[in-house]
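All remarks here apply to the structure that follows.
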Amino acid sequence: MTANHFYQIYTKNMKRAILAAVMCAAAISVSAENIDISTKSTTLLLEAEKGQELKILYYGPKLSSTDRQAVENTAQKLSAYPVYGLNCPAEAALSVTHADGNMTLQLVVDKVSNRSENGGKVVAVELKDKVYPFSVNLCYKTYNDAEIIEIWTEISHSEKQSVELRRFDSGFLPVRRGDVWLSHLYGSWGNESQLVQEPITPGMMVISNRDGVRNSHTSHGEIMLSLDGKPNENFGATIGAALCYSGNYRIEINTHDHEYHEIFAGINPENSAYVLKKGEKFCTPAWAITYSVEGLSGVSRNFHSWGRKYKLANGDVERKILLNSWEGVYFDINQQGMDQMMGDIASMGGELFVMDDGWFGNKYPRKTDNSSLGDWTVDKNKLPGGIEQLLSDAKKHGIKFGIWIEPEMANTTSELFEAHPDWVVKAPNRDLVLGRGGTQVVLDLSNPKVQDFLFSIVDNLMTKYPEIDYIKWDANMSILNHGSQYLTSDNQSHLYIAYHQGFEKVCRRIREKYPKLTIQACASGGGRANWGVLPYFDEFWVSDNTDALQRVYMQWGTSYFFPSIAMASHISAAPNHQTFRTIPLKYRIDVAMSGRLGMEIQPKNMTDEEKNICKNAIAEYKKLRSVIQFGDIYRLVSPYDKLGVASLMYVNPDKNKAVFYWWKTEQFCNQHLPRVKMAGLNPDKVYTIREINRIDNTPLVFEGKKFTGKFLMENGLEIPYEHNVDWHKRTDYSSRVLVLE
Ligand code: GLA
């Protein structure tokens, strides 16, 4: 088998050649074998001996055959998927109550099978209980050219009655103790994806979510582990792990009395016990793990490249530059205003206009946030020419048109709620708990009729107006009251899971019919930045907070797991509508340009000079778009290190073009900022430096000059701390975007 053959499965007791032939069969029975799940640079080694517990022997950099043999003979063999019941004090990834009330499991290897699936291959280890007709397929998926291994389980049984699943993690990974540091994201509305880095200490660290609908405002279901001490961006052994799920999750890091940290990840089982019927299969979401010796940025590059190739909707298609109407006009939508905004973004070189909230509702027109969700018909008072007129105006301006919807929600003041009060999430025998605007409710996605309704919202729009190019799909409420009017009384604990199964079903239907439609996952800002939704969405709204300085921090954190092509990042007004900070346009542009560039502003209020600056920036972005959206990220100086500056760069795969960003994060007299060393370049290549979005009266001293990649990576460039502009144009902000080619 060749080095990049992904499933090297071989038996200790059998000759390899024989087994290789055997492995060609779709499913095989084995007596004793080791399973080598390899990506190009990593190895995950399991021991699967029939009738014995599945063991994990190794996860790390790719093993040579000599080392693999050594590992097999010497490694400490740990359970690959610990279950509850016969070693009660230990943490378990799976715990159940069998039909007869027995609360224990004893899973042993039965067989190993191998199948191709969507650009990758899956090794499924079938684990069977020694006594009960209960089985778990533990699945490991790798891809032809990605450094990610996805792990999940498929649980089923044929016991006489239902089995209750009390905990059902997707995967488990032991990580050798030492000086292991955890990097994870935390935040809140308007302050999403804040980076937290801390050493893993004895005890239990839990990262979890219980929102019900969105799952990334506060903590995130993704983590990184720096194995050899304090995290570094560009060197050091680092593990990354992301739970690909849109609902409640729980990540647990347990450090107990032995040599390994135990990492568990899965759906949050709290208030979610699952009653599994005989013959039913319960599939847990994939847990995507990766390993890099190139530090945190290395792990990010692994996630980004896997994401763009295999997960993100249309991950290989450049994103359009858009204007979104929200911060420009809020609910004040009208035909003329939309036309004006479309004309303005077109004149600046933009390619798409998105009409946000406020365009719908007949009986109850949407004037503010307290009505109309669910009634997805045009408000004819605001838009007498309807969507037809908007589309023809967009055409006139030579741009595309997009529209905002919030399909999972209703207001009690809506025709939808009047017709279907039984469609909303509600606790039996209790009053509704209401959300945004004092009237918002969540639709019960466990109900197939509700699923059909959600599909029809998109389908009706797209059937009537096939030119719609973009949908902003919002979700502005949590599940506040636990209860489904659809699920039976003994299945109420399925609500959170059934909601997301229903959501995914709808998304899948939409994608099957409209694969090319651009869809943004918005959820009161960044509530839906996760790899569970991204197979159905092209991008997500990073945050409702568009303040460029705070965005440096939020986008930094977001970039740990998500590629820039998916990070919607908009130039907005000054003072900013969330922080009231006044940030110069240059800085706002330079930050927005490091993600999927857009605008969120009333262009009518901009001066001609400002519009021109944006026009130039948009023209530059178009030239650099492929590097920014498809390039490899190298984060250089973290804003969280509080050195006064933050810096990162994107390098294209051929390493002949790069975009370098430098944002000052604070301003003091006579301060001293570090000189930023670049990364990811070809040391032998000569790069010419060109600054874009320049506001200075004179070019930088290195403008147009040539440097080797080696020099830039060993020394960096001496970037002036301030802009050389006329006295009245001086501000307390400074930023640079440099192109290297
Ligand atoms: C949420 C979104 C915003 C905007 C409003 C509209 O808050 O995050 O971008 O679409 O809803 O009501």
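The values are calculated or read from the model by the stated rules, or taken from the named source; none is laboratory data. Model, not experiment: these values are computed from the prediction. As a convention, Cβ positions derive from the backbone with ideal geometry for all residues, glycine included, and neighbour counts pool all protein chains shown. Ligands, DNA and RNA are stripped out before the accessible areas are found, and what is left, the full protein with its side chains, is counted by its heavy atoms. Shrake-Rupley method; radii C 1.70, N 1.55, O 1.52, S 1.80 Å.
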Neighbours by Cβ (under 7 Å, 6+ apart or cross-chain): first from segment 593-604, at positive phi; second part of a strand (DSSP E or B) and small (Gly, Ala, Ser): none
Strands (runs of 3 or more DSSP E) enclosed by segment 255-374 - at least 1 residues per element that are away from the ligand (no atom under 16 Å from the Cβ): 260-267, 274-276, 287-292
Single match in Glu262, Glu280, Glu252, Glu294 (criterion: modelled with pLDDT of 95 or more, among the charged types (D, E, K, R), surrounded by fewer than 18 Cβ atoms within 10 Å (Cβ to Cβ) and farther than 19 Å from Phe540 by Cβ): Glu280
Condition broken by Val552, with the remaining ones in (1) touching a Pro at 6+ places or on another chain (Cβ under 8 Å); (2) open to solvent by 10 Å² or more (accessible area, probe 1.4 Å) satisfied: (2)
Residues being away from the ligand (no atom under 12 Å from the Cβ) and not hydroxyl-bearing (Ser, Thr, Tyr) - total across segment 472-490: 8
Positions within segment 360-398 being within 19 Å of Val433 (Cβ to Cβ) and either at pLDDT below 95 or over 28 Å from the mean Cα position of the chain (by Cα) (or both), in sequence order: Asn370, Ser371
Test: residue in segment 480-488 that is closer than 15 Å to Tyr536 by Cβ and either open to solvent by 40 Å² or more (accessible area, probe 1.4 Å) or of a type in the set (Asp, Glu) (or both): no
Residue within segment 480-495 that is closer than 22 Å to Trp404 by Cβ and of a type in the set (D, E, K, R) present: no
Matching option when the condition is surrounded by 19 or more Cβ atoms within 10 Å (Cβ to Cβ) and among the polar types (S, T, N, Q), among Thr412, Thr368: Thr412
Residue in segment 311-330 that is of a type in the set (Val, Ile, Thr), over 14 Å from Ser564 (Cα atoms) and more than 14 Å from the chain's Cα centre (by Cα) present: yes
Number of the exception - Arg115 against (1) under 21 Å from Ile35 (Cα atoms); (2) not in a strand (DSSP E or B): (2)
Odd one out for Thr518 among (1) away from the ligand (no atom under 16 Å from the Cβ); (2) among the β-branched types (Val, Ile, Thr); (3) open to solvent by 10 Å² or more (accessible area, probe 1.4 Å): (1)
Selection from segment 58-88 of residues that are open to solvent by less than 30 Å² (accessible area, probe 1.4 Å) and among the acidic types (Asp, Glu): Glu72
Residue list for segment 372-409, restricted to those being open to solvent by less than 10 Å² (accessible area, probe 1.4 Å) and free of Cβ contacts under 8 Å to residues at least 12 places away in the same chain: Gly386
Selection status of Glu198, of a type in the set (Asp, Glu), touching a strand residue (DSSP E or B) at 6+ places or on another chain (Cβ under 7 Å) and closer than 30 Å to Val442 by Cβ: no
So Ser170, is it in contact with a Pro (Cβ under 9 Å, 6 or more places away or on another chain), in contact (Cβ under 8 Å) with a residue 60 or more places away in the chain and surrounded by fewer than 22 Cβ atoms within 10 Å (Cβ to Cβ): no
Count - residues of segment 184-211 that are more than 24 Å from Thr546 (Cα to Cα) and buried (at least 21 other Cβ atoms within 10 Å of the Cβ): 2
